[in-house]
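Heads up, the thing below is written out as structure tokens.
The values are calculated or read from the model by the stated rules, or taken from the named source; none is laboratory data. None of these values were measured; they are calculated from a predicted model. For neighbour counting, all protein chains shown are included, and Cβ atoms are generated from backbone atoms with ideal geometry for every residue, glycine included. The area values use the complete protein model at the heavy-atom level, side chains included, leaving out ligands, DNA and RNA. Shrake-Rupley method; radii C 1.70, N 1.55, O 1.52, S 1.80 Å.
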Amino acid sequence: MKLLLVEDERLTREGIMESVDWTRLGVSEVKEAADGIEALAVAESFAPDLVLTDIKMPRMDGVSFAFQIRRKYPHCKIVFMSGYAEKEYLKAAITLKAVSYVEKPLDIEELEEALANAAALHEEESRRLQMVSLSREKQHLLKQKIALKLIRPQWNQEEIAQETAWLTEPVPLLVSGAACIVKTDRRRLDEAELGRLLEASASEYGFRPLFAFKDDLHLVIHLLSEDRHKLSGASLKAYFAPLTRWLKERNVRGDAAIGRTAPQLAELHDSYMTAVLTLQESFYRGPYSIRLYGDSSYPAAKEVHPVDPKSPDKLKETLYREQFAESERLLRQLVSDVKYAPGTPVNEVKELIYRLLLAMEQVLQELGSGESSLERGTKPGWERIADCFYLSEAESILLSKLQSIRDIRESQRRGSGYLASRIIKYVHLHYASDELSVQTISDHLQLTPSHVISMFKEATGKTVKQYVLEYRMDRAKELLKQGSYKIADIAGQVGFKDGEYFAKVFRKFTGMTPSEYRERFQA
């Protein structure tokens, strides 16, 4: 335990420090202060468990100090000392729930007894708070355990009844419920904050929630109610509106799927399975959707679009013929067909999209673009498609790859000059970024660095790096001529993190330091 001693008389403080057996009291650390104001400053970093304070002190008396310390540290135990046994101080001690009031001149045995009593109360309260906290944690873990058991095809009703009996509010087996699944693209959200949100929303609609993470990306929520009429489709969908707003505020994409209402707990697994089927629709519909099983506003979940295994070959044929408009039409039509058939297994759709992507990669390589951009990416092609949460993302990958093929064919037709002009345009737009490099330019154009370097050299007679440096130096000269910017700011505006390095490069390039160059044009 930590004790803060507040006493304006130095000799009294020293006498207390030397006379009290702190070890016997269980006090491991003692800090001193001469008045209430100093004591508040010490307490800010010290966070005392016990306070022994005089009442009569200059600047801030012990009562005023005690009121302040009690607000910040409500569980801190206070022992007052005073030579003035006046009623107003005794009343203050009662109001502040002080442990003891010891009169001066001090009797060390009496003081130690008062401090021992305060220390014992602190220990007892700490244990009680720890038990309450532990109990809450156990309740939370038990609720999670029950929530995951209820999604199993079979579970022991007697076992569930025994476990729910340990909850503060036991769950009757005849309660109605709806199983729901929330899928997000971020691993393990803030569980405490999320739990408070789910509890608050549930109380508004008269639900009792049981929830647990099934895995890093999927949250299972059972919304229970003894009144089945409260589990209406409108109420269930409205319940998730605050959650989708919460996800948007944190830039987390997510969707909620609600299974059919189960008349009793024993049928909750069936509700969960319908929620699983409904969740698949989110892949076709986009983020922040709230889907209710059997909602007539969407196609039936059983509707399936037959996947044409010849689609990749058809796409390659249009690409070889350079019928790019037809290639785009084919891709968009395929996406549209499966979008309105949400019963089509998502894995089948992703597999087809990956095969289409591979077909376009083959065409890219045959056009002489070098290594596969899938191989150059941070992830293999299949992982990129597998990680797509929504069909629209997969469609964007396909259309981007199609645009790459168009650009390559266009550049090949126009020669190196066209490609060089695109590189120059990109440099002019991004010269201020310290990340500008041949690699970033190549990634943007979806070409290999070696191809970019050779084509630019052929068209301009310069290397890409040389052109970037020349353009940055030209922009720096213009800014220096204006005379209104600091040199360190100019360095940042032309893509240099380090001002000293910028000055060194500028001098090598112009034969003058930036300061000399500025003075030359301001003279």
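Does residue 167 meet the test of being of a type in the set (A, V, I, L, M) and either within 26 Å of residue 247 (Cα to Cα) or part of a strand (DSSP E or B) (or both)?
no
Of all residues in segment 438-475, which are exposed (fewer than 15 other Cβ atoms within 10 Å of the Cβ) and of a type in the set (S, T, N, Q)?
439, 440, 450, 454, 463, 466
With a cut-off of at least 3 residues that are within 42 Å of the chain's Cα centre (by Cα) and either within 19 Å of residue 126 (Cα to Cα) or at pLDDT 95 or above (or both), name the strands (runs of 3 or more DSSP E) lying wholly within segment 1-58.
Filter on segment 1-58 gives 2-6, 29-33.
Can you name the residue in segment 476-503 that is exposed (fewer than 13 other Cβ atoms within 10 Å of the Cβ) and within 25 Å of residue 437 (Cβ to Cβ) and, of all such residues, is nearest to the chain's Cα centre (by Cα)?
The residue in question is 497.
How many residues are over 20 Å from residue 113 (Cβ atoms) and touching a helix residue (DSSP H, G or I) at 6+ places or on another chain (Cβ under 7 Å) when one looks only at segment 3-58?
8
Can you name every residue in segment 295-330 that is among the small types (Gly, Ala, Ser) and either touching a Ser or Thr at 6+ places or on another chain (Cβ under 7 Å) or at pLDDT below 80 (or both)?
296, 297, 300, 301, 327
Taking the residues in segment 188-215 that are open to solvent by 20 Å² or more (accessible area, probe 1.4 Å) and hydroxyl-bearing (Ser, Thr, Tyr) as candidates, determine which candidate is farthest from residue 294 (Cα to Cα).
203
Just to be sure, is residue 334 within 19 Å of residue 395 (Cα to Cα), modelled with pLDDT of 80 or more, surrounded by 18 or more Cβ atoms within 10 Å (Cβ to Cβ) and under 35 Å from the mean Cα position of the chain (by Cα)?
In short, yes.
Just to be sure I understand the filter: pairs with C-beta atoms under 7 Å, separated by 6 or more residues or on different chains, first member in segment 337-355 and of a type in the set (S, T, N, Q), second member assigned to a loop (DSSP other than H, G, I, E, B). Which pairs pass?
Here the result reads 344/305, each pair linking segment 337-355 to a residue that is assigned to a loop (DSSP other than H, G, I, E, B).
Scan segment 227-246 and report the pairs whose first residue is without any contact (Cβ under 8 Å) to a residue 40 or more places away in the chain and whose second residue is part of a helix (DSSP H, G or I) and open to solvent by 60 Å² or more (accessible area, probe 1.4 Å), with Cβ atoms within less than 6 Å and a gap of 6+ or a chain change.
Taking only residues 6 or more apart or on different chains, the pairs are 235/205; 239/205.
Could you please find all residues in segment 51-63 being of a type outside the set (Val, Ile, Thr) and open to solvent by less than 50 Å² (accessible area, probe 1.4 Å)?
Within segment 51-63, 52, 54, 57, 60, 62 meet the criteria.
Identify all residues within segment 371-403 that are at pLDDT below 85 and surrounded by 17 or more Cβ atoms within 10 Å (Cβ to Cβ); write none if there are none.
373, 374, 381, 384
Does residue 172 satisfy the condition of being out of contact with any helix residue (DSSP H, G or I) (no Cβ under 6 Å at 6 or more places or on another chain) and either surrounded by fewer than 14 Cβ atoms within 10 Å (Cβ to Cβ) or free of Cβ contacts under 8 Å to residues at least 40 places away in the same chain (or both)?
Yes: the conditions hold for residue 172.
Which one is surrounded by the fewest Cβ atoms within 10 Å (Cβ to Cβ), of the residues in segment 77-128 that are at pLDDT 80 or above and assigned to a loop (DSSP other than H, G, I, E, B)?
Out of the qualifying residues, it is 105.
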